[in-house]
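For reference, the structure is listed below as structure tokens.
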Amino acid sequence: MNVIPPTQTQYRPIDPKLLGNDFDFAFDLYYKTSVEGHDQFLKFSGKTEQHRDKVRRLIESGDLEEELYVNEQDVVTYYQTVTGTLQAFILDPKIGFEQKAGKVYDLSRNVMQEFFQYQAAPSLLKMAEPVMDMMDQVLSEKSVGFAGLGKILNKDYYTYTHSVNVGLYCLTYATKAGMSPGDIKEMGMGGMLHDAGKVEVPAEIINKDGKLTDVEFAEIKKHPEAGRDMLAGMGCFGEKILQMAYEHHEKYNGVGYPQGLRGDEISLAGRICKVMDVYDALTTRRSYKAPLSPFQALGIMKQGMVVEFDVQILDQFVKMLGEEN
Ligand SMILES: [Fe+2]
Ligand SMILES: [Fe+2]
């Protein structure tokens, strides 16, 4: 992860395409320019009607080469606006599944990238609920299952991409396992937020390619508890979500962390998250390894790693992956 130079910390790049046809937003947009070698942010548009016209023309012209930014204080408002716009988009019967799912996926990743890379305030994580809600609507429209998910997911390894992928796997697993609508949404949110505590681990350790030292690994091991505490502190997330953050590194044979729980001492949500977490990690591209195919990943999980998982969940997942939709 790049360290953001201090001069840029107050402005965040946005994706103007996500604003769609909603020009009625309550934040200023900026563009970047260079003055004597230093970055400066100048106002591109404000909240007046005249300025909205300018943004409308820009978006309609499709000439979106220029990067636009919002002020740090407006980040949450920006994401709320985009979410509102997307709600209408996903209800449009003329638009295809892949296009809808792709947009919600991009938005979800932008939210998590904002959180991890720019260390946005945890309140941004509340966006997990509307985005997983939209994903649930889009995915259930065609009941696409894991086969359909494969068409949307990006397999580059970033903590933010991984977070959203695990969220979508958990959401789909919960749907196929016949959980209640409330539980399905909670499983999706829990998957999306399972690694939230990594925001407190130094980026050099998270992104290190080689083997971690004992000291570095001890730092990594703090993330389940840090995530659970952060999410619990917000007071708006259900029990399953907290369990998924806290227990996704527990292993079924009792040698995981942080608590060393064994078997059914680990919550059902935690056991499901564990399977999805490992599956996404294995099927993801890293700088030092190519992504494994689903077949190869499941082979490893069913052999060398099998003692780490609840075998019933793993078998169920293998079956679901094999289904057409
Ligand atoms: Fe983790
Ligand atoms: Fe993870």
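The values are calculated or read from the model by the stated rules, or taken from the named source; none is laboratory data. This one's a predicted model, so the numbers in the text were calculated from it and none came from an experiment. Don't worry about glycine lacking a Cβ; one is built from the backbone with ideal geometry, like all the others, and counts go over all protein chains shown.
Have a look at 23, 27 and point out the one that is at pLDDT below 75 and within 29 Å of residue 100 (Cβ to Cβ).
On the way: 27 fails: at pLDDT below 75.
23 is the lone residue from the list that is at pLDDT below 75 and within 29 Å of residue 100 (Cβ to Cβ).
State yes or no: is residue 211 outside any helix (DSSP H, G or I) and either within 16 Å of ligand 2 (Cβ to nearest atom) or more than 19 Å from residue 115 (Cβ to Cβ) (or both)?
Values: outside any helix (DSSP H, G or I): yes; either within 16 Å of ligand 2 (Cβ to nearest atom) or more than 19 Å from residue 115 (Cβ to Cβ) (or both): yes.
It is true that residue 211 is outside any helix (DSSP H, G or I) and either within 16 Å of ligand 2 (Cβ to nearest atom) or more than 19 Å from residue 115 (Cβ to Cβ) (or both).
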Legend entry - Of the criteria (1) touching a helix residue (DSSP H, G or I) at 6+ places or on another chain (Cβ under 8 Å); (2) farther than 22 Å from residue 259 by Cα, which one residue 211 fails: (1)
Legend entry - Single unsatisfied condition, residue 148 versus (1) at pLDDT below 90; (2) on the phi > 0 side of the Ramachandran plot: (2)
Inset, instruction - Being surrounded by fewer than 18 Cβ atoms within 10 Å (Cβ to Cβ), under 22 Å from the mean Cα position of the chain (by Cα) and at positive phi narrows it down to one of 235, 254, 260, so name that one. - result: 235
Inset, instruction - Report whether or not residue 252 is of a type in the set (Ser, Thr, Tyr), within 23 Å of residue 189 (Cβ to Cβ) and either within 16 Å of ligand 1 (Cβ to nearest atom) or assigned by TED's automatic domain parsing to the domain that holds residue 147 (or both). - result: no
Inset, instruction - Give 239, 247, 225 a once-over and let me know the one that is out of contact with any Phe, Trp or Tyr (no Cβ under 9 Å at 6 or more places or on another chain), within 15 Å of ligand 2 (Cβ to nearest atom) and of a type in the set (Asp, Glu). - result: 247
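Can we say residue 189 is within 16 Å of ligand 2 (Cβ to nearest atom), modelled with pLDDT of 95 or more, assigned to a helix (DSSP H, G or I) and under 24 Å from residue 319 (Cβ atoms)?
no
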Inset, instruction - Determine, yes or no, whether residue 202 is at pLDDT 95 or above and either more than 13 Å from ligand 2 (Cβ to nearest atom) or not assigned by TED's automatic domain parsing to the domain that holds residue 313 (or both). - result: no
Inset, instruction - Please find, among 290, 281, 297, the residue that is surrounded by fewer than 19 Cβ atoms within 10 Å (Cβ to Cβ), within 15 Å of ligand 2 (Cβ to nearest atom) and either assigned by TED's automatic domain parsing to the domain that holds residue 247 or at pLDDT below 95 (or both). - result: 281
Legend entry - Residue check, residue 226 at pLDDT 95 or above, within 16 Å of ligand 1 (Cβ to nearest atom), crowded, with 16+ Cβ neighbours inside 10 Å and more than 19 Å from residue 266 (Cα to Cα): no
